Amino acid sequence: MQNHVLEVKNLETTFQTNAGPVRAVNNVSYKIDRGQTLGIVGESGCGKSVTSYSLMRLIEKPGRISGGEVLLNGRDLLKLSETKMAEVRGGEMAMIFQEPMTALNPVLTIGYQMDEQIMKHKKCTAKESRERAIEMLRLVGIPSPEERYESYPHQLSGGMRQRAMIAMALSCDPMFLIADEPTTALDVTIQAQILELIQSLQEKFNMTVQFITHDLGVISEISDKVMVMYGGQTCEQADTQELFLNPRHPYTAALISSRPKFGERVQRLATIEGSVPAPFELPKGCPFVNRCTRAKADCTHHKPPLNEIKSGHTVACFNPL
């Protein structure tokens, strides 16, 4: 029996705009088992972050979750009251946000912000909360954690702020962690340290992780499975090694071929012609049809279903590679 910590079924998130309703997440389904990392990859605007905000029920008006199920250990989070969801959020599931300087409150100390969460979910005293916060800051590699506990976000470097965000996310022992492009604003050295830190903490706590990025190099390093998104929909899902060695969707193959290869000198990197259409301009059929070199008539008029072409490898394409 599979031990699915998270199971997402036919998730839909819609935004009401002047141009009419726009579906930013369209019928997305996937599963993640205990201790696994699912990497979600795609260009900016493909629906990666909106999917994750939907899991946390952090979609604000004019957006709403318009369909589907989000099962965390079998319990549908979309059916919980806001009070119950607030207990889950930060406790059973947590999120490392993309930009810590906007996610952290600039007028409150790091310690105060951590204590607020720890005392809410752990039901402990102020002294116990302070000890827990300092322990977590030490665990993520922040030097002099007692001092950093009293610091404000602007007094920390970018790498330190990201570590503080990770410490905050893990302070209540969540079973499921969402990392939304946590290394985007960091230099390469700090990026490698943060990735190594997340992996080591995942092993230590046996966490399930959903890692969002547009960087295929990061995905190949840390993920057990990969889901490729485009236009708010799933293009392809497979184990990481299978996906990189045998991509079947033209979009996945194009993403992989556009990566620079170590030790290989080329005049010009491969590119994907065109750009991601706005959500309200998506074609009727396959969302990738206007940029695809393998497109046929069916692709223009009909939306390809997500089919399993081999065990654990699914593709939404009428003309897979």
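The values are calculated or read from the model by the stated rules, or taken from the named source; none is laboratory data. Not measured: the values here are computed from a predicted model. Positions of Cβ are backbone-derived with ideal geometry, glycine not excepted, and every protein chain shown enters the neighbour counts. SASA here: full protein model, heavy atoms, side chains in, ligands and nucleic acids out. Shrake-Rupley method; radii C 1.70, N 1.55, O 1.52, S 1.80 Å.
Compute the length gained on full extension between Q267 and N319: take 0.36 nm times their separation in residues and subtract their Cα-Cα distance, giving the result in nm to one decimal. Don't jump to the answer; show the numbers that get you there.
On the way: separation 52, 0.36 × 52 = 18.72 nm, distance 3.00 nm.
The span from Q267 to N319 would gain 15.7 nm if fully extended.
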For the stretch 64-124, accessible area per residue (1.4 Å probe, heavy atoms of protein chains only), Å² | 51
Cα-Cα pairs of the stretch 86-231 separated by more than 23 Å (percent) | 31
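As an exercise, identify the trypsin sites (Lys or Arg not before Pro) in the stretch 269-321 lying in DSSP coil whose Cβ has no more than 13 other Cβ atoms within 10 Å.
Values: sites: K284, R291, R294, K296, K310; in loops: K284, R294, K296.
The qualifying sites are K284, K296.
Work out the length of the dipole vector of the chain about its Cα centre, built from +1 on the beta-carbon of each Lys and Arg and -1 on the beta-carbon of each Asp and Glu, and round it to the nearest 20 debye. Can you show the working numbers first?
Values: 35 positive and 36 negative charges, 133 e Å.
So the magnitude is around 640 debye.
Run through the stretch 30-77 and list the GluC sites (Glu not before Pro) located in a DSSP loop whose Cβ has at most 13 other Cβ atoms within 10 Å.
Numbers: sites: E43, E60, E69; in loops: E43, E60.
Qualifying residues, ordered by number: E60.
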Whole-Hz ³J(HN,Hα) from phi, Karplus 6.51 cos²θ - 1.76 cosθ + 1.60, for the stretch 84-93, glycine and proline x = 5, 5, 5, 6, 6, 5, x, x, 6, 9
Simple spin-label estimate for E150/A297, 7 Å along Cα→Cβ, in nm, reads 7.6
Descending principal axes extents, the stretch 204-272, alpha-carbon based, whole Å = 45, 29, 19
Using modelled amide H (1.01 Å from N, peptide plane; none on Pro or chain starts), what sits under 5 Å from the amide H of A179, excluding residues fewer than 5 places away?
-> I96, Q210, F211, I212
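Of all the accessible heavy-atom surface of the chain, with the other protein chains kept in place and a 1.4 Å probe, what percent is carbon and sulfur? Please list the in-between numbers first.
On the way: 7760 of 15790 Å².
That share works out to 49 percent.
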If we restrict to alpha carbons, what Rg and Dmax does the stretch 21-87 come to, in Å?
-> 12.7, 37
Evaluate the distance, in nm, between pseudo-label points positioned 7 Å from the Cα of K120 and of R75 along their respective Cα→Cβ axes.
-> 1.6
Probe 1.4 Å, all protein chains present, accessible-area order of S54, S257, largest first | S257, S54
Beyond 19 Å, what share of the Cα-Cα pairs of the stretch 166-321 is found? Please give it as a whole percent.
-> 61
Starting from the amide H of R34, placed 1.01 Å from N in the peptide plane, find each other amide H under 5 Å away whose residue is 5 or more places distant or on another chain.
-> N3, V5
Between K127 and E43, what is the FRET efficiency for a Förster distance of 45 Å, r being their Cβ-Cβ separation, to the nearest 0.05?
-> 0.40
If you average 1/r over every pair of different alpha-carbon atoms in the stretch 1-113 and take one over that average, what Kirkwood value in Å do you get?
-> 15.6
Quote to one decimal, in nm, the extra length available between F244 and A278 on full extension: 0.36 nm per residue of separation minus the C-alpha distance between them.
-> 9.5 nm
What list of ³J(HN,Hα) values in whole Hz, one per residue of the stretch 311-321 in order, does the Karplus curve 6.51 cos²θ - 1.76 cosθ + 1.60 (θ = phi - 60°) give from phi, with Gly and Pro shown as x?
-> 3, x, 10, 10, 9, 9, 7, 7, 10, x, 5
Residue by residue, what Karplus-based ³J(HN,Hα) values in Hz, rounded to whole numbers, does the stretch 277-287 have, using 6.51, -1.76 and 1.60 with θ = phi - 60° and x for Gly and Pro?
-> x, 4, x, 8, 10, 4, x, 5, x, 5, x
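What is the chain by shape, rounded, prolate or oblate, if you read a ≥ b ≥ c off the alpha carbon gyration tensor as root eigenvalues and call it rounded for a/c under 1.5, prolate for a/b larger than b/c, and oblate otherwise? Walk me through the intermediate numbers first.
Numbers: a/c = 1.94, a/b = 1.55, b/c = 1.25.
It comes out prolate by the Cα gyration axes.
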